[in-house]
Structures are given as structure tokens and as C-alpha cells.
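Note sheet for the following structure.
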Amino acid sequence: MQSLRSLYTPIGRVVNSYNAFLHKNYPKLYDLQTAIVHGTKKTFSDSRDYAIASSRYVQGKPLEYRLAVVRWQYPRDLLKLSPVLALLLIPFSSIALLPLVYFFPGMFTRHFWTEDERKRFVARKVRRRLSVVEPELLPFISRSIEKLEKRQEQELMWYAVGRVKEGAVLTAEEVRDMEPIFTRYPFAREHLPNDVVWNLAWLNNTLPWSLRRFCVHLSEMDKLLERNGLAQLTVPEVRHAVLIRCGNGNAEVEDMRNFLQLWIKASNSLADPVVSLRLFLPVFLCYKHPLNREVLVPSNSSTKVRLRS
């Protein structure tokens, strides 16, 4: 053991000296190297957590929020990384990893991004998801209101649409009052036109055939957050939780926690986990939320994700 320690100590000193040299003289290259190391470690860590989460879920054991997120997110991350993983199967192809991360960071998951890239990718992602609200989803809701049989329900929906167009956000109580409307024609999931289904999938960052599973999983995660509290989340976990729910993960931490509190209260007020209203929550809670004002009115420097310079 002592001989191994005497061997590793000088190696550790060389590595630390090399990292210090990079950090001082080539900070961007150092950030890139750090991102690759962190991304690799986090991906392997997520694979282990995914196995644990899947095993517990099959056995019917309760999951903590972190494992619930990994169970949903890791297969999506693995699919995104599949071209890179296929490339790495070729002998000596690992030398291409550095330029790939440098020139094509979008091919990699959030674990491989630098802080500056994370902010740009998050802003672009939220802006693109919300881009279907004004031209597609709000007009559909407005056209469908007249098809409701009860006058009271029509007035409630007109009020909700009006509030969104005025730049306001609905309360949890107002969201709860709308739930029965979304269990029947024309707003129930089985009555939605195909283009609306695709737009809702885009808004919620999932696939049209996965909407039901997404609703169930989101409902489970929201209940876990309410049960365990937001204090358990680290700052990166808060940012990711906000992004999953179509919020700006670049905002101040306190503002993001307030946003999550509103979302959790509204989401958990819904009795049915798969009610279609859950898919419309970003329209009523996120589109005009102060958290998203910055990403909805992008500056010239944030309209395009740039390469490292």
C-alpha cells in the first residue's frame, strides 16, 4: 500500500501542475477539459443511479426525487449520446472527443456543457418550446371554447385565455377549477387534433406517443417535491427541475424556487395524473411568467447558440 501511495503521489502532483498551467494560460481549454471530465463522471454516475431507480420502481419501492428524475432523463440522455458512443467504439477514436465537444456541444448532454453554454442552450430550448403557444395553442383554445356546453365553463376559459394574453399567470386555484373542462370534449386528450398533440409534445419536450407516460411521471415528481420539499434540491437540480417544467433555468435561484412552488401547488391540485390540462400547464403557468420574460425577448447575443471562442 505504501509503495502504491508513493507511486500515485508524484503522478497526482504532475496532474495538478498540468491543470494549474492550463487554468492560468489556456482557461478555455481548461474549461473544456473540465467539462469532459465532469460529463463523463456524471454520465457513469447516472447509469448507476438509473439501475438503482429501475430496480426500486419494479419492486414497488418509493423513489427519492433525484432517482425519479434519473429514471426519466437517463434514457433520453443515452439516446442523445448514442452517435458519440458509436464513434468511440472505433479504435483510437477517443482523440476526436475533444474537438467534438468543442465544435458540436449540442451533440452532448448538459453534463458536458460549460456554464456559458448551459445558459445559452437553456435559453434557446425554453424559447423554442414556448414558440408554439401564441400562434398555435392559444388560438386552438379560443376556437374550442364555443364548443363547451356550459356557459360558466366558457366564461372560465375566456378568463384564463384573457389572463395569459394580458401577461398574467393563473393561480393554482384557477387551474384546479379548469380540470373538469379538460376531461371532456373538446379538450380531453382523446379529442385533441393531431397538430395540437404534436404542439403539446413540443411544448413539454417529449414525444406525442409518450404524452400519457410523461404526465404520469411528471405527476409523480411533483408529488415527491411537495412531500420532500424544495430545500433538498441542489442548485443544478433546481435549474433542471425548472427546465423540465418549461421555465428559465438561468434565473435567480429564489425566483426559480418560487416558480416551482406555484407549479407544484397547481399540478398537485389536479386529481387525475393524466388529465390533458397537465400538458397545457406551461401555457397557463409559464408562458407569461416573469421567469421567462428574458428568454422570450432574446438579445442579439442569445438568439443563436455559438461555438466556444
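Read the figures in this text as sums done on the coordinates, not as results from a lab. These figures come from a predicted structure and were not determined experimentally. Positions of Cβ are backbone-derived with ideal geometry, glycine not excepted, and every protein chain shown enters the neighbour counts.
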Helix 235-244: inclination vs the chain longest Cα principal axis, degrees, rounded to 10, gives 40 degrees
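Kindly state, to the nearest 0.05, the FRET efficiency for SER269 paired with LYS147, given R0 = 30 Å and r defined as their beta-carbon distance.
It comes to 0.75.
Restricting attention to region 32-105, which chymotrypsin sites (Phe, Trp or Tyr not before Pro) occupy a DSSP loop and are surrounded by at most 13 other Cβ atoms within 10 Å?
Numbers: sites: PHE44, TYR50, TYR57, TYR65, TRP72, PHE92, TYR102, PHE103; in loops: PHE92.
Counting only loop positions with at most 13 other Cβ atoms within 10 Å, the chymotrypsin sites (Phe, Trp or Tyr not before Pro) in region 32-105 are PHE92.
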If N is the number of residues in the chain, what value comes out of its Cα radius of gyration divided by 2.2 N^0.38 Å? 1.16
Based on the Cβ-Cβ distance from SER54 to PHE103, what FRET efficiency comes out when R0 is 45 Å, to the nearest 0.05? 0.85
Angle in degrees between helix 27-58 and the longest Cα principal axis of the chain, rounded to the nearest 10: 60 degrees
I'd like to know which of ALA231, VAL126, TYR74 lies farthest towards the positive end of the charge dipole of the chain, counting +1 on Cβ of Lys and Arg and -1 on Cβ of Asp and Glu. TYR74
Test of understanding: express the Cα radius of gyration of region 129-296 as a ratio to 2.2 N^0.38 Å, with N the residue count. 0.98
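Can you give the net charge of the other residues whose Cβ lies under 12 Å from the Cβ of ARG163, counting K and R as +1 and D and E as -1?
Details: positive: LYS165, LYS288; negative: GLU166, GLU174.
Summing Lys and Arg as +1 and Asp and Glu as -1 gives 0.
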Ordering of 259-272, 179-192 by burial proxy (mean other Cβ atoms within 10 Å per residue, highest first): 259-272, 179-192
What angle, in degrees between 0 and 90 and rounded to the nearest 10, separates the Cα long axis of helix 65-88 from the longest principal axis of the Cα atoms of the chain? 60 degrees
Alpha carbon centre of region 104-136 versus region 165-229: separation in Å? 21 Å
